[in-house]
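Got a structure for you, written out below as structure tokens; questions coming shortly.
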Amino acid sequence: MPDIHLFKVAAPNVAKKAQAGQFVVIRIDERGERIPLTIADWDREEGSITIVFMEVGTTTRRLALLETGDFIADFIGPLGLPTHIEKFGTVICVAGGFAVATIMPIARAMRIEGNRVISIMGARNKSLIFWEDKLRGVSDQLIVTTDDGSHARQGLVTEPLKELLETGEKIDRVIAIGPSIMMKFCAKTTQPFGVKTIVSLNPIMVDGTGMCGCCRVSVGGVTKFACVDGPDFDGHQVDWDLLFARQRIYLDEEKRSFEQWQSQYGTRS
Ligand code: FAD
Ligand code: FES
Ligand code: MG
């Protein structure tokens with residue numbers, strides 16, 4: 001699959017406590033930067049954590065080069081508040097792109113709690129679709145979309161979401177996770193129907209423990225730190241423009257870092 005990788009990491013202490021919606025902060029080596037990655041799955045007996053990540057810049061590209069048996073210097077977690085799981089009734093879980101790995105344990109936990117779970121997963125095209133069967137296995141109904149129609153239904157995840165809301169069937173909660181723009185539009189779709197919509201915010205994080213202030217977001221006019229107060233928040237209350245602006249703060253540095261790394265280590269075919 002282009003640029004998306006799944007790693008199983010031996011991390012027994014993290015696996016022991018991991019819950020749906022939490023994340024780890026990793027550092028590849030002592031000179032590396034810290035990045036947050038969602039805990040996509042865990043096996044307490046084996047003592048392992050599954051992470052799924054997309055290559056977007058220097059650190060994720062470097063991570064992708066690790067091979068079986070290699071080490072990650074720091075693998076800290078579980079961090080963040082677990083997703084609030086309760087018997088709500090009917091829950092729609094929406095995943096965009098690689099966030100299917102984030103939504104899967106949430107859908108699973110919601111179903112175990114007794115909810116009827118309708119999942120919607122969407123990707124740009126067929127080559128980016130993964131864990132379709134895994135998500136189907138933890139959902140009462142699964143709807144798959146691709147932007148270009150190369151697999152399943154053509155269109156964006158917001159379309160089946162709106163249709164489900166329009167049927168008038170009682171929907172008790174929506175959880176939408178994926179690129180920020182997708183989460184914003186899912187929240188906009190559900191707002192007129194008054195259905196509480198939880199999103200998992202992904203601002204830049206450094207320490208992941210509430211100390212650096214980097215992950216500052218505004219929710220309902222109140223400043224929150226996504227790493228300790230979230231990452232889940234009420235999507236109808238999020239200041240999306242602030243989130244988008246803060247995510248772009250280090251674009252120049254990220255570009256420079258990537259170019260530097262490429263010139264040192266070359267490109268991978
Ligand atoms: P860069 O070129 O440095 O950055 C590319 C873009 O990634 C930036 O413009 C910025 O928007 C974002 N980013 C960069 N540094 C950070 C950082 N320290 N923290 C957060 N975002 C950053 N990605 C996945 O592929 N899989 C996941 O499961 C996943 N889970 C996440 C969970 C949380 C709670 C958060 C906040 C982010 C998550 N991300 C996940 C995003 C991931 O952290 C970034 O893609 C990664 O940090 C990019 O690093 P880079 O050096 O490769 O790219
Ligand atoms: Fe530092 Fe949240 S990442 S305060
Ligand atoms: Mg980086």
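Restricting attention to the stretch 64-83, and to residues there that are in contact with a Phe, Trp or Tyr (Cβ under 8 Å, 6 or more places away or on another chain) and under 23 Å from Leu201 (Cβ atoms), which single residue is surrounded by the most Cβ atoms within 10 Å (Cβ to Cβ)?
Applying the filter and picking the extreme gives Gly80.
Sticking with this structure for a sec: Considering (1) at pLDDT 90 or above; (2) surrounded by 14 or more Cβ atoms within 10 Å (Cβ to Cβ); (3) more than 16 Å from ligand 2 (Cβ to nearest atom); (4) not acidic (Asp, Glu), say which one Trp261 fails and leave the rest.
(1)
Here's something else I'd like to know. Return the total of residues in the stretch 193-221 being out of contact with any Ser or Thr (no Cβ under 9 Å at 6 or more places or on another chain), polar (S, T, N, Q) and away from ligand 1 (no atom under 15 Å from the Cβ).
1
Still on this structure, please answer the following. Please enumerate the residues belonging to the stretch 15-34 that are among the hydrophobic types (A, V, I, L, M, F, W, C) and within 14 Å of ligand 1 (Cβ to nearest atom).
Ala18, Ala20, Phe23, Val24, Val25, Ile26, Ile28
Could you please let me know if Glu46 is within 16 Å of ligand 2 (Cβ to nearest atom), in a loop (DSSP other than H, G, I, E, B) and over 16 Å from the mean Cα position of the chain (by Cα)?
Taking the combined requirement at face value, the residue does not satisfy it.
Right, next: Tell me yes or no: at least one residue of the stretch 36-53 is within 16 Å of ligand 3 (Cβ to nearest atom) and in contact (Cβ under 8 Å) with a residue 60 or more places away in the chain.
Taking every residue of the stretch 36-53 in turn, at least one turns out to be within 16 Å of ligand 3 (Cβ to nearest atom) and in contact (Cβ under 8 Å) with a residue 60 or more places away in the chain.
When you check Lys184 against the structure, is it outside any loop (DSSP other than H, G, I, E, B), more than 15 Å from Phe233 (Cβ to Cβ) and touching a residue at least 12 places away in the same chain (Cβ under 8 Å), yes or no?
no
Please work out which residue is nearest to the chain's Cα centre (by Cα), limiting yourself to the stretch 240-255 and to residues that are surrounded by 12 or more Cβ atoms within 10 Å (Cβ to Cβ) and among the basic types (Lys, Arg).
Arg246
Name the residue, out of Phe244, Phe233, that is in contact with a helix residue (DSSP H, G or I) (Cβ under 9 Å, 6 or more places away or on another chain), without any contact (Cβ under 8 Å) to a residue 40 or more places away in the chain and either under 24 Å from Ala123 (Cβ atoms) or of a type in the set (Phe, Trp, Tyr) (or both).
So the residue among Phe244, Phe233 that is in contact with a helix residue (DSSP H, G or I) (Cβ under 9 Å, 6 or more places away or on another chain), without any contact (Cβ under 8 Å) to a residue 40 or more places away in the chain and either under 24 Å from Ala123 (Cβ atoms) or of a type in the set (Phe, Trp, Tyr) (or both) is Phe233.
Can you name the residue in the stretch 187-218 that is crowded, with 22+ Cβ neighbours inside 10 Å and without any contact (Cβ under 8 Å) to a residue 40 or more places away in the chain and, of all such residues, is nearest to ligand 3 (Cβ to nearest atom)?
Here the residue is Cys215.
Okay, moving on. When residues of the stretch 155-182 are filtered for being charged (D, E, K, R) and either at positive phi or touching a helix residue (DSSP H, G or I) at 6+ places or on another chain (Cβ under 7 Å) (or both), how many remain?
Of the residues in the stretch 155-182, 1 are charged (D, E, K, R) and either at positive phi or touching a helix residue (DSSP H, G or I) at 6+ places or on another chain (Cβ under 7 Å) (or both).
While we're looking at this one, here's another question. Only one of (1) over 18 Å from Val238 (Cβ atoms); (2) over 20 Å from the mean Cα position of the chain (by Cα) fails for Glu132. Which number is that?
(2)
The values are calculated or read from the model by the stated rules, or taken from the named source; none is laboratory data. In this text, all values refer to a predicted model and were calculated from it rather than measured experimentally. Virtual Cβ from ideal backbone geometry, glycine too; neighbours counted across all protein chains shown.
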